[in-house]
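**Student:** One structure follows; several queries about it will come next.
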Amino acid sequence: MEDLHALEERMLAQIADAGDLPALEQARVAALGKRSPLTQAMKGLGGLDVDARKEAGVRLNRIKRRLGDAVEARRGALERAALDERLATERVDVTLPPRPEGEGAVHPVGQVLDELIAILADMGFRVADGPDIEDDFHNFTALNIPPEHPARQMHDTFYFRADEAGERMLLRTHTSPVQIRHMQAEPPPHRIIAPGRTYRCDYDMTHTPMFHQIEGLVIDESTHMGHLKGCLIDLARAFFEVDDLPVRFRPSYFPFTEPSAEMDIGCSREGGGLRIGHGADWMEILGCGMVHPKVLEIVGLDPARYQGFAFGIGVERPAMLKYGIPDLRSFFDADLRWLRHYGFAPFDVPSLAAGLSA
Ligand code: DAH
């Protein structure tokens, strides 16, 4: 066996000479690795008699510890030196111009939702929420749309596979089920809006399979159709920022309201362009009506005592009209160039006080 003392000296010198971390790792393997003379010597201890084994074992372990300590000490020194070197050579040049950072933009749907919500919140509406995945009861039956009702076909519903009981969940086709959920959860009076996503199996110039609506619901003991008209006329004028925007209500039909109406705003299509305001034409922007007595009964309210109105307004169409966006489908193409062009500055969110006084 090589003289242990000489071995130790040789290994210590190698460790001390290591100029960088890879060299130190090599020295460590040579000194303490599986095939190092030290490890081999330790393996050979079994062949010695008891006294000799004890003595040699103590010596070998002491050498092993010293070599290990030396490796760690050298590692610390090398790391410190590397850091000193970086501190000495690398400098931050504070006079350099900053690198440009990509700025995010608010999607027009988000912006218009914020604007509509701000106006409605200003009138005293509270925001309520409901699930995108609905059951048949809340999306249809409770809204006075029984199973055989033709309105179901008109909705082009996305259904999930039926469960063992035959019940099919669906993607809500409108935000109206939130009316039901809210009236079931809380006692009247109600004054809520429910903004959110809605889904229908439809795709062309003016339809996308996912779109947004804001539902509105007011229920108490005295709210009447005059309130409905005042509220929605103010909403349209505040949103489009046209004080004398012409507005008309056309009789219509929805199963969950009686009477039902659609609201149009005045516009002009002269010369191919579309302009909101005074003109020869009308454009539909929302559906509304007095909540049907059957809907009130289904949620346990007495229609002889409670009444009120509801409305449902799409978000994309008003966004296209107000901000001159020609194609609905482009909203959901996730094209950054489009978003940079039509997007809004993140902090340009309307304040609640803006509402009608803006
Ligand atoms: N849920 C209707 C739809 O998506 C819109 C609507 C019409 C909602 C009249 C209402 C309402 O609350 O009163 O076509």
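**Student:** So with the 1.4 Å probe, I'd like the accessible area per residue for the range 108-342, rounded to whole Å².
**Tutor:** I get 48 Å² per residue for this part.
**Student:** Another question, then. To the nearest 10 square angstrom, what accessible area does residue 138 show with a 1.4 Å probe?
**Tutor:** Rounded to the nearest 10, that gives 20 Å².
**Student:** Another question about this same structure. With springs only between Cα atoms under 10 Å, which of 106, 94, 50 fluctuates most in a Gaussian network model of the chain?
**Tutor:** 50
**Student:** Using a 1.4 angstrom probe and counting only protein chains, how large is the accessible area of residue 193 in Å², to 10?
**Tutor:** 0
**Student:** Once you have the Cα-Cα distance between residue 101 and residue 336, take 0.36 nm times their residue separation minus that, and quote the gain in nm to one decimal.
**Tutor:** The residue 101-residue 336 span can extend by a further 83.1 nm.
**Student:** Would you calculate, for the chain, the mean residue ellipticity at 222 nm contributed by helices, counting each DSSP H stretch of 4 or more residues as -39,500 (n - 2.57) and dividing by all residues, to the nearest 500?
**Tutor:** The helix contribution divided over the chain gives -12500 deg cm²/dmol.
**Student:** Follow-up question, since we're still on this one. Rounded to the nearest percent, how much of the accessible area of the chain (1.4 Å probe, protein heavy atoms only) is carbon and sulfur?
**Tutor:** Whole-percent figure for carbon plus sulfur exposure: 54.
**Student:** For the range 195-354, what is the charge dipole size about the Cα centre, in debye to the nearest 20, if Lys and Arg each add +1 at the Cβ and Asp and Glu each add -1 at the Cβ?
**Tutor:** With only Lys, Arg, Asp and Glu charged at Cβ, the dipole is about 220 debye.
**Student:** Mind counting lysine pairs for me in the chain? Cα separation below 14 Å, and the two need to be 8 or more apart along the chain or on different chains.
**Tutor:** Step by step, the pairs that qualify in the chain add up to 4.
**Student:** Right, here's the next one. When all protein chains stay in place, what accessible area (Å², nearest 10, 1.4 Å probe) is found for residue 205?
**Tutor:** Counting only protein heavy atoms, residue 205 exposes about 110 Å² to solvent.
**Student:** Decide, for the range 108-342, between rounded, prolate and oblate: order the square roots of the alpha carbon gyration tensor eigenvalues as a ≥ b ≥ c, take rounded if a/c falls under 1.5, and otherwise choose prolate if a/b is larger than b/c, else oblate.
**Tutor:** oblate
**Student:** Using alpha-carbon positions, what is the distance between the centroids of the range 245-321 and the range 179-236, in Å?
**Tutor:** A separation of 10 Å, based on Cα centres.
**Student:** Positive end of the charge dipole of the range 108-342 (Lys, Arg +1 and Asp, Glu -1 on Cβ, about the Cα centre): tell me which of 266, 171, 255 has its Cα farthest that way.
**Tutor:** 266
**Student:** Using DSSP loop states and a limit of at most 11 other Cβ atoms within 10 Å to flag trypsin sites (Lys or Arg not before Pro), what is the longest stretch of the chain containing no flagged site?
**Tutor:** Within the chain, the longest run free of exposed trypsin sites (Lys or Arg not before Pro) spans 162-304.
**Student:** Given charges of +1 on the Cβ of Lys and Arg and -1 on the Cβ of Asp and Glu, with all other atoms neutral, how large is the dipole of the chain about its Cα centre, in debye to the nearest 20?
**Tutor:** Its charge dipole is roughly 1360 debye.
**Student:** Note down the relative contact order for the range 108-342 as a percent, whole number, built from C-alpha pairs under 8 angstrom at least six residues apart.
**Tutor:** Computed value for the range 108-342: 20 percent relative contact order.
**Student:** Return the whole-Å distance between the Cα centroid of the range 121-143 and the Cα centroid of the range 1-66.
**Tutor:** Comparing the Cα centres of the range 121-143 and the range 1-66, I get a distance of 77 Å.
**Student:** Stretched out fully, how many nm does the piece from residue 16 to residue 81 gain, at 0.36 nm a residue minus the Cα gap?
**Tutor:** Length gained, residue 16 through residue 81: 22.0 nm.
The values are calculated or read from the model by the stated rules, or taken from the named source; none is laboratory data. Remember, predicted model here, so these are calculated numbers, not experimental data. We place every Cβ from the backbone using ideal geometry, glycine too, and count neighbours over all the protein chains shown. Note: accessible area is taken over every heavy atom of the protein model, side chains too, but ligands, DNA and RNA are not part of it. Shrake-Rupley method; radii C 1.70, N 1.55, O 1.52, S 1.80 Å.
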